Amino acid sequence: MRAAVLEGERQLAYREVADPVAGDGEVLLEVRATAVCGSDIHRYLRGHRTYPMILGHEAAGVVSAVGPGVDASLVDRHAALVPLVPDHVCAQCRAGRFSACPTYSFIGSRRDGAFAQLVAVPAANLVLVPDDLPFDAAALIEPSTVARHMLDLGRFTAGDTAVVFGAGSIGLMLVQWLRILGARVIVATDLVAANLEAARALGAHLTLDPARDDVRAEVDRHTGGGADVVLEATGSPAALAQTIEVARPRGAIVLGGNQPPDATLPMTFVEGLMRKELTLAGCFMSYSAPWPGHEWTDSLAAVLDGGLDMAGMISHRRPLSEAPQVFADIADRRLAHRKIVFDPSS
């Protein structure tokens, strides 16, 4: 089969590789759509723990074969890929905290992923979808689940006000979930005008550019004293520092962006957290019990009823053969984008 293989830092090659084999309890998924995640870009730019590695964990396709112990009726079923592979037996898994599994694997980073024509996955890592659901929409269920999980961590309830820092992929999913779940005020911030335009189209009531707008003053004016829930989805230390400023006293902040490991924050951040008696939560993946979690069933239901606009998330569709050039263009800042979806079959 053909795959886009990460062979080193900033080294992505589209080439022939051996077909994967479905092991015990696994299936082969013929990939029909696979999307680029920010973590894929991070691994391309900054390197990965092991090479070669086929990236890609936001994907959907058709089951083409089953391994030993798997129901043969799964063949030809359409499915979205669930990338986390926990052991399901440790104390954390038994408690429903699957992302805290100490021996977890992950499709697309710890084992070969979906930037390929075929990927081997545990049968338990499929979310079956209707045959008439577009594959690119099914592939974007995974990032939707992260946004849905962040709202759980922030204890969001209908009628709350919210600020979303970053109108990239996760940020735009957050905007949509806030709309679906009944947020009273949705504010989105970003430095890119096209992202702010997309946020407005997908449900944000107010969009702000931190380089131009007084974010703190505008949030205070539109929420009446600060947001109930603040969601950081940029990975920017500057945005992280500002979360304290825009949250109401005893509000909640949820961190979903991957911050630079060498960045620091002043202790005034902690002072602000204490003075406002804020709840600060981190988000790592998107799972809950029963496996893989309501985040996944909620997301599929919202796609099917039209609540989640997946087409509005996508800025580029490309054949997988163009992946090396696409990643090079991103690295050199030649490609402004939202979601990029590859088709391995074209």
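Quick notes
- Which listed residue, of Gly235, Gly257, is in contact with a Ser or Thr (Cβ under 8 Å, 6 or more places away or on another chain), open to solvent by less than 50 Å² (accessible area, probe 1.4 Å), more than 18 Å from Thr157 (Cα to Cα) and touching a residue at least 60 places away in the same chain (Cβ under 8 Å): Gly257
- Region 143-155, residues that are touching a strand residue (DSSP E or B) at 6+ places or on another chain (Cβ under 7 Å) and open to solvent by 30 Å² or more (accessible area, probe 1.4 Å): Leu153, Arg155
- Within region 106-146, the residues that satisfy the criterion of being small (Gly, Ala, Ser) and closer than 18 Å to Ala311 by Cα are Ala137, Ala138, Ala139, Ser144.
- Qualifying positions in region 178-195 - open to solvent by less than 10 Å² (accessible area, probe 1.4 Å) and in a helix (DSSP H, G or I): Leu178
- If you go through region 16-49 and keep only what is farther than 30 Å from Val70 by Cα and over 20 Å from the mean Cα position of the chain (by Cα), you end up with just Arg49.
- Filter result for Leu300 (open to solvent by 20 Å² or more (accessible area, probe 1.4 Å), outside any helix (DSSP H, G or I) and within 30 Å of Arg2 (Cβ to Cβ)): no
- Within region 113-145, the residues that satisfy the criterion of being assigned to a helix (DSSP H, G or I) and hydrophobic (A, V, I, L, M, F, W, C) are Ala123, Ala124, Phe135, Ala137, Ala138, Ala139, Ile141.
- Inter-residue pairs, beta-carbon under 7 Å, first more than 12 Å from Ala116 (Cα to Cα) and in region 1-12, second open to solvent by 20 Å² or more (accessible area, probe 1.4 Å) and in a strand (DSSP E or B), 6+ apart: Glu7/Ala13
- Residue that is farthest from the chain's Cα centre (by Cα), among those in region 87-110 that are among the charged types (D, E, K, R) and open to solvent by 60 Å² or more (accessible area, probe 1.4 Å): Arg94
- Count of region 299-346 residues which are charged (D, E, K, R), in contact (Cβ under 8 Å) with a residue 12 or more places away in the chain and over 18 Å from Gly203 (Cα atoms): 4
- Tyr44 closer than 19 Å to Phe106 by Cβ and of a type in the set (Phe, Trp, Tyr): yes
- Only listed residue being modelled with pLDDT of 95 or more, over 24 Å from Leu133 (Cβ atoms) and in a strand (DSSP E or B), chosen from Ala3, Ala65, Ala79, Ala59: Ala3
- Criterion applied to Leu140, Leu133, Leu128 was being closer than 26 Å to Thr34 by Cα and crowded, with 22+ Cβ neighbours inside 10 Å, and the one residue passing it is Leu140.
- Every listed requirement among (1) surrounded by 15 or more Cβ atoms within 10 Å (Cβ to Cβ); (2) part of a helix (DSSP H, G or I) is met by Trp291 save one, (2).
The values are calculated or read from the model by the stated rules, or taken from the named source; none is laboratory data. Quantities reported herein were computed from a predicted structural model and do not represent experimental measurements. Positions of Cβ are backbone-derived with ideal geometry, glycine not excepted, and every protein chain shown enters the neighbour counts. Surface areas here come from the heavy atoms of the whole protein model, side chains and all, with no ligands, DNA or RNA. Shrake-Rupley method; radii C 1.70, N 1.55, O 1.52, S 1.80 Å.
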